[in-house]
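Only one structure is covered here, and it is reproduced in the block below.
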Amino acid sequence: ATTLIAADQWRKARANYQLAEKQKGDVELARQETFKWATNESKAKEEAARRAEEAEKAKEEAAKRADEADNARQEAENARGQLRDALKKAEDRAREAERARKTDQLSREAFRLSRRPESQQDAITQFDSAINVYKETGDRDAQADSYLNQGQVYKDMGEVERAEDAFNKALQLYRHTPADPQKQASTLNNIGVIYSSAGSADPVTGEANQEALATAKTKFYSALTMYRALKDTFG
């Protein structure tokens, strides 16, 4: 009976031992599996972190390229704007050049017409056209010169009041900044000549117009003062 009991206990111990060994193997297997999963999870996390970093870099690169594209677009827009401005300036200059050419033709034609008494009125009209163009373009000197020339034609035609008006318009333009004292003096001298002629002795009465002569003296003296200041001995 003791032997049977011992044998039964041995079998149970053997079975327990085998079960323990099996459980030990299962635990080891579970440990290895757990380690494997932990390793895989760590690698996955590292991979996820790496991809997140790459995604962030890609995002930054995309933002950088978007900024570069926006800058390039802005530069292209600026370049188009500059090109439009350049084209507009070129067109404006071309129009100004054409207008200047036509105005010069008007002036030359006016001078040509002013030489013949029968076409002096046409010369006045041509000078009016030139004056209007010079006024639009802002060419003050050319405008004043045209008034001066127009006044000379009026004087030759015997239209004293119109001649004086044209000379005075030229004088006012010559006084604008920057002033031109030389041409101011010349214009004053021309106005003095008008009044000097108007003050000449009347063929019938033999009397001179003292008021006109006094005005002529004033204009001549003003011109003389300016010529002296400019040290213009000819003037």
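Values computed for the structure shown
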| item | result |
| --- | --- |
| Fluctuation leader among E28, E207, E56 - the chain, Gaussian network, Cα springs under 10 angstrom | E28 |
| Under the span-like rule (Cα at least 18 Å along the axis, Kyte-Doolittle mean at least -1.0), DSSP H helices of the chain | 120-137, 160-175, 181-198, 210-229 |
| Å² of accessible area per residue within the stretch 121-235, as computed with a 1.4 Å probe and no ligands counted | 57 Å² |
| Relative intensity, log₁₀ I(q)/I(0), of the stretch 148-235 from a Debye sum that treats every alpha carbon as a point, q = 0.22 Å⁻¹ | -1.05 |
| The chain, helix-only ellipticity at 222 nm - DSSP H runs n ≥ 4, -39,500 (n - 2.57), divided by all residues, nearest 500 | -31500 deg cm²/dmol |
| Reachable lysines, given that their alpha-carbon falls under 25 Å from the alpha-carbon of K217 and they are not under 8 places away in the same chain | K155, K169, K183, K231 |
| With every protein chain in place, the chain: carbon and sulfur % of accessible area (1.4 Å) | 53 percent |
| 10 Å Cβ shell holding at most 11 others, DSSP loop, trypsin sites (Lys or Arg not before Pro): longest site-free stretch of the chain | 116-230 |
| Mean-position separation - Cα centroids, the stretch 26-91 and the stretch 148-205, in angstrom | 81 Å |
| Gyration tensor over alpha-carbon atoms, the chain, equivalent ellipsoid semi-axes in Å | 118, 19, 10 |
| Length-normalised contact order of the chain in % [C-alpha pairs under 8 Å, at least 6 apart] | 9 percent |
| FRET efficiency, T225 to A86 (Cβ-Cβ, R0 41 Å, nearest 0.05) | 0.25 |
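The values are calculated or read from the model by the stated rules, or taken from the named source; none is laboratory data. Keep in mind it's a predicted model, so treat the numbers as computed, not measured. Please note: Cβ atoms are built from the backbone with ideal geometry, for glycine as well, and neighbour counts cover all protein chains shown. Ligands, DNA and RNA are stripped out before the accessible areas are found, and what is left, the full protein with its side chains, is counted by its heavy atoms. Shrake-Rupley method; radii C 1.70, N 1.55, O 1.52, S 1.80 Å.
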